[in-house]
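Computed from the coordinates by the stated procedures, all read-outs in this text should not be read as laboratory data. Please read these numbers as outputs of a predicted model, since none were measured by experiment. Reconstructed Cβ throughout: ideal geometry from the backbone, glycine too, with neighbour counts over all protein chains shown.
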Amino acid sequence: MKLTLAFSPCPNDTYIFDAMVHQKVDTEGLEFEYSMADVEKLNGDAFAEKPDVTKLSFHAFIHLAGRYLLLDSGAALGFGAGPLVISKNLKDFEELNGKTVAIPGKYTTANLLFSMALNKAEVLKKEVLFSEIENVILSGEVDAGVIIHESRFTYQLKGLHKLIDLGEYWEQLTGSPVPLGGIAAHKRLGSEVIAKVNRCIHRSVEYANLHKGELNEFIRCNAREMDDSVMQKHIDLYVNNFSVSLGMQGKQAVTQMFEFAIAAGIISKMPERIFAPDL
């Protein structure tokens, strides 16, 4: 059986999916026709219900839980791994009121966390490809930006500084790891196939972890000209025990994000079902 699979070209995703898409692990008769895209493109395609299995932001998943189920493996959650708000000229987060801020996409978790942290402050948001946010700050096109992925390892080298760590904000608010992105399977696949996909990703992550420290060609050729040290830092930050299995703590963090979305009026009620069956 062939399934469509979508994920980003970022090192954490190619690290996780390499063994699965290249049949290095048992895929239980499943074949994966994969495509890669920026996280907000992945979110948009999920809203259109195009891929069978996809990486997506938890912000997008909040809206899609009626159509997709969250898999236990492959997710990006963690402590100390959240988005950052950075600037060149502003000194404090409180200075953002009335300013223009670049965000990496409307349905990114970064935008959701940023909106939560703003409280009653008002800003003009400008959607910018995540890899270009540093540049639009430096050019003066925006006053600040919300950065994700490898930008957190490079912004200081470009003379930019942090206004707030949105991961720390979430952790102080909830005591939980920040849910960034997860792997979701469309309900049309049925429970048996979804369980197979879940097991395939679990094996793929475990295979990658057995070969941790090896930056293979699949990771390198999709990594947007990063050097090896940045790629490895990226993997080390975003691939952890929650990527192997959400566990109770990870599921609690995801549920808390749904609860905050309900309180903020983003969705009206908790979905009947969020998580795919356990492995």
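With the cut-off at 26 Å, tell me which of the pairs LYS158/LYS212; LYS106/LYS196; LYS88/LYS251; LYS41/LYS187 have Cα atoms farther apart than that.
Numbers: LYS158/LYS212 30 Å; LYS106/LYS196 32 Å; LYS88/LYS251 37 Å; LYS41/LYS187 20 Å.
Over 26 Å Cα-Cα: LYS158/LYS212; LYS106/LYS196; LYS88/LYS251.
List the aspartates and glutamates whose Cα lies under 20 Å from the Cα of LYS120, skipping any in the same chain that are fewer than 8 positions away.
List returned: ASP92, GLU94, GLU95, ASP143, ASP165, GLU168, GLU259.
Using a 10 Å Cβ count of at most 12 others and DSSP loop calls, identify the longest part of the chain lacking such trypsin sites (Lys or Arg not before Pro). Don't skip to the end; give the middle numbers.
Numbers: sites that count: LYS91, LYS120, LYS212, ARG224, LYS269, ARG273.
That would be 121-211.
Taking the chain as the reference, fit the longest principal axis to its C-alpha atoms, fit the long axis of helix 109-118 to the helix C-alpha atoms, and give the angle between the two in degrees, 0 to 90, nearest 10.
Between helix and principal axis, roughly 30 degrees.
Just need the relative contact order of the chain here, percent rounded to a whole number, with Cα pairs under 8 Å and 6+ apart. Numbers along the way, then the final one.
Numbers: 529 pairs, mean separation 86.7, N = 279.
The normalised contact order for the chain reaches 31 percent.
Using the structure shown, select from LYS24/LYS50; LYS99/LYS126; LYS2/LYS50 the pairs with a Cα to Cα distance greater than 22 angstrom.
Working: LYS24/LYS50 26 Å; LYS99/LYS126 11 Å; LYS2/LYS50 14 Å.
Correct reply: LYS24/LYS50.
Who wins for biggest fluctuation among SER57, SER151, SER115 in a Gaussian network model of the chain, springs between alpha carbons below 10 Å?
Greatest mean-square fluctuation among the candidates belongs to SER115.
Under the rule a/c < 1.5 gives rounded, and otherwise a/b versus b/c splits prolate from oblate, where does the stretch 158-197 land using the Cα gyration tensor? Don't jump to the answer; show the numbers that get you there.
Values: a/c = 5.45, a/b = 2.46, b/c = 2.21.
It is prolate, given that a/c is not under 1.5 and a/b is the larger ratio.
Report the GluC sites (Glu not before Pro) located in the stretch 205-279 that are in a DSSP loop and have at most 10 other Cβ atoms inside 10 Å of their Cβ, or state none. Don't jump to the answer; show the numbers that get you there.
Numbers: sites: GLU206, GLU214, GLU217, GLU225, GLU259, GLU272; in loops: GLU214, GLU225, GLU272.
When the GluC sites (Glu not before Pro) of the stretch 205-279 are filtered for loop state and at most 10 Cβ neighbours within 10 Å, GLU214, GLU225, GLU272 remain.
Starting at 0 and stepping by 10 Å, how many percent of the alpha carbon pairs of the stretch 146-259 end up in each bin?
11, 32, 36, 19, 2, 0
Can you grab the distance from the C-alpha centre of the stretch 212-245 to the C-alpha centre of the stretch 88-148, Å, no decimals?
If you average the Cα positions of each part, the centres end up 26 Å apart.
Would you please give the residues with an amide H less than 5 Å from that of SER35, counting only those at least 5 places away or on a separate chain, with H modeled from the backbone geometry?
For SER35, the qualifying residues are LEU5, ALA6, PHE7.
For a bin width of 5 Å, list the pair-distance distribution of the chain built from all Cα-Cα distances, rounded to whole %.
1, 6, 13, 17, 19, 17, 13, 8, 4, 1, 0, 0
For the chain, modelled as a Gaussian network with Cα springs under 10 Å, which listed residue fluctuates most, ASP236, ASP165, ASP72?
Taking springs between Cα atoms under 10 Å, the residue moving most is ASP236.
Given H placed 1.01 Å from N in the peptide plane, which residues other than close sequence neighbours of ALA76 have an amide H under 5 Å from its amide H?
Amide H neighbours of ALA76: LEU180, GLY181, GLY182.
With a ≥ b ≥ c taken as the square roots of the eigenvalues of the C-alpha gyration tensor of the stretch 84-174, please select rounded if a/c is under 1.5 and otherwise prolate if a/b is larger than b/c or oblate if it is not? Mind dumping the intermediate values first?
Details: a/c = 1.35, a/b = 1.23, b/c = 1.11.
In terms of gyration-tensor shape, rounded.
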